[in-house]
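Presented below is the structure to which this report refers.
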Amino acid sequence: MENSFKIFPGGKLIISLLIMSTFLIKCGKNTQSGISYSRDIQTIFQYNCTSCHGNTSPSGGLSLTNYDSLMAGGNSGPVVRPKAKPEFSLLYKKVAYSEDKIPFGSRMPPNGPYLDESQIKYIWQWINNGAKNN
Ligand code: HEC
């Protein structure tokens with residue numbers, strides 16, 4: 001009786017550690033593979049784009065304040081093509097390509113500072129994953 005009492009608390013600790021580590025491994029995997037629209041992409045827009053691409057008379061007719069307005073596109077039509085390679089999406093071209101390769105107008109944000117490599121990669125991955133509202 002006394003013996004099992006001594007073993008039990010330790011056993012409980014090991015079980016809790018196992019549960020915790022599987023949970024942590026799961027979390028780590030999620031942040032690596034899955035780009036989230038609301039957490040990652042909308043945050044980029046909020047800090048770099050919505051000053052011009054807001055809700056009231058947005059530049060280029062494109063509001064970047066939420067998923068629906070992004071997918072509705074701008075004056076030149078849809079800016080995201082979820083089923084095509086990210087390189088076919090105007091959104092990606094406008095933030096990733098150098099000024100001389102932009103199809104029209106300016107690289108975004110106009111006159112910079114442009115998005116950094118990791119932000120551009122996030123947008124690429126998000127479109128490549130199907131541009132989901134996640
Ligand atoms: C200083 C104002 C300003 C900021 C900041 C800005 N833009 Fe723009 N954007 C414009 C203007 C003006 C146009 C229209 C002319 C052009 O396409 O160059 C435009 C056009 C666009 C278009 C093309 C829309 C269409 O349908 O023709 C996209 C896509 C775009 N911007 C994305 C972005 C993204 C993404 C950001 C943030 C990383 C951003 N812009 C930041 C001013 C801005």
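Residues whose amide H lies under 5 Å from that of G74, counting only those 5 or more places away or on a different chain, are V79; hydrogens are built 1.01 Å from N in the peptide plane.
Backbone N atoms of segment 64-88 closer than 18 Å to the 7 Å Cα→Cβ label point of S51 belong to residues 64-65. For segment 103-120, backbone phi angles converted through the Karplus equation (6.51, -1.76, 1.60; θ = phi - 60°) give residue-by-residue couplings of x, 6, x, 10, 6, 9, x, x, 6, x, x, 6, 4, 7, 3, 5, 5, 5 Hz, Gly and Pro being listed as x.
Taking only the Cα atoms of segment 85-134, the radius of gyration and Dmax are 10.9, 33 Å. Sorting M71, M108 from the fewest to the most surrounding beta carbons within 10 angstrom yields M71, M108. Using the alpha carbons alone, the radius of gyration of segment 36-128 stands to its Kirkwood radius in an Rg to Rh ratio of 0.91. Taking a straight Cα-Cα cut-off under 13 Å and skipping sequence neighbours fewer than 8 places away in the same chain, the aspartates and glutamates within cross-link reach of K132 are D40, D68. Evaluating kT/(6 pi eta Rh) at 20 °C and 1.002 mPa s, with the Kirkwood radius of segment 38-91 over Cα pairs in the Stokes-Einstein relation, gives 190 µm² s⁻¹.
Read-outs: derived from the displayed coordinates by stated rules, not from any lab. All of these numbers come straight from a predicted model, not from anything done at the bench. Quick reminder, even Gly has a Cβ in these numbers, built from the backbone with ideal geometry, and neighbours come from all protein chains shown.
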